[in-house]
Amino acid sequence: MNLPGDAAANLLGALALAVNSRMRAAVVDAAGAGGALAEAVVVIQDQPGVTAEWLGGVLGLTQPGAAHLVRRLVEQGWVQRRPGADARSRALHLTPAGRRAAGEILRARQRTLTDLVARLSDPQRRQLTEIAGGLLRCAPGDRQELARLCRLCDRSRCPACPVHDSYRHPPAPADGAEPVA
């Protein structure tokens, strides 16, 4: 294949969109609802007790959008509000139905991603794991950005998460460049 030197970046962009489209469709189908609901269930499963405000920040929602999302999660029977860290906050926790929904969402995501990588040989899959791990060492600036990057991850499948590792141990800037914040 004879491609210009910048083809890798362009192909990566197209691949990101293709993977995201397929994964999002599988997740929405499994949840039977919009992507934000599915993402919220997985985030709350990973970090029980978060507030609606924090969840909204992770999902890129305004305060009214986050309040509406939490109301929908409660109506679905997936989330319950409990007293939070202070008198004004409410902590979000999954119900048994919410844990089942999170499991279905993550299984649908995994099936879709497994189908995509099944097209690769074993050596290509190992190479993809190495490349993806390297690209994901992006040093998220804070816990909310960390949660945003991993909002649909199945944590059980990646015990040595490169995103978490780079958060705990940010990479040194290359050649005098400013650190990523």
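The values are calculated or read from the model by the stated rules, or taken from the named source; none is laboratory data. All of these numbers come straight from a predicted model, not from anything done at the bench. Cβ sites come from the backbone with ideal geometry, for glycine too, and all protein chains shown count toward neighbours. Heavy atoms of the whole protein, side chains included, go into the accessibility calculation; ligands, DNA and RNA do not. Shrake-Rupley method; radii C 1.70, N 1.55, O 1.52, S 1.80 Å.
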remark   = Given (1) outside any loop (DSSP other than H, G, I, E, B); (2) touching a residue at least 12 places away in the same chain (Cβ under 8 Å); (3) of a type in the set (Lys, Arg), Arg151 misses just (1)
remark   = Residue hits (the range 17-31; open to solvent by 60 Å² or more (accessible area, probe 1.4 Å) and within 22 Å of Leu136 (Cα to Cα)) are Leu17, Asn20, Ser21, Arg22, Arg24
note = When the range 96-121 is checked residue by residue, the ones that are within 21 Å of Asn20 (Cβ to Cβ) and not in a helix (DSSP H, G or I) are Ala118, Arg119, Leu120
request  = State which residue pairs qualify: first residue closer than 26 Å to Leu106 by Cβ and inside the range 1-22, second residue open to solvent by less than 70 Å² (accessible area, probe 1.4 Å) and modelled with pLDDT of 90 or more in any location, beta carbons under 6 Å apart, and separation of 6 or more residues or different chains.
outcome  = Arg22/Thr112
inquiry  = I'd like to verify a number: residues in the range 84-101 that are modelled with pLDDT under 95 and not charged (D, E, K, R), how many?
reply    = 4
inquiry  = Can you say whether Ala85 is among the small types (Gly, Ala, Ser) and either crowded, with 16+ Cβ neighbours inside 10 Å or in contact with a strand residue (DSSP E or B) (Cβ under 8 Å, 6 or more places away or on another chain) (or both), as far as the supplied structure shows?
reply    = yes
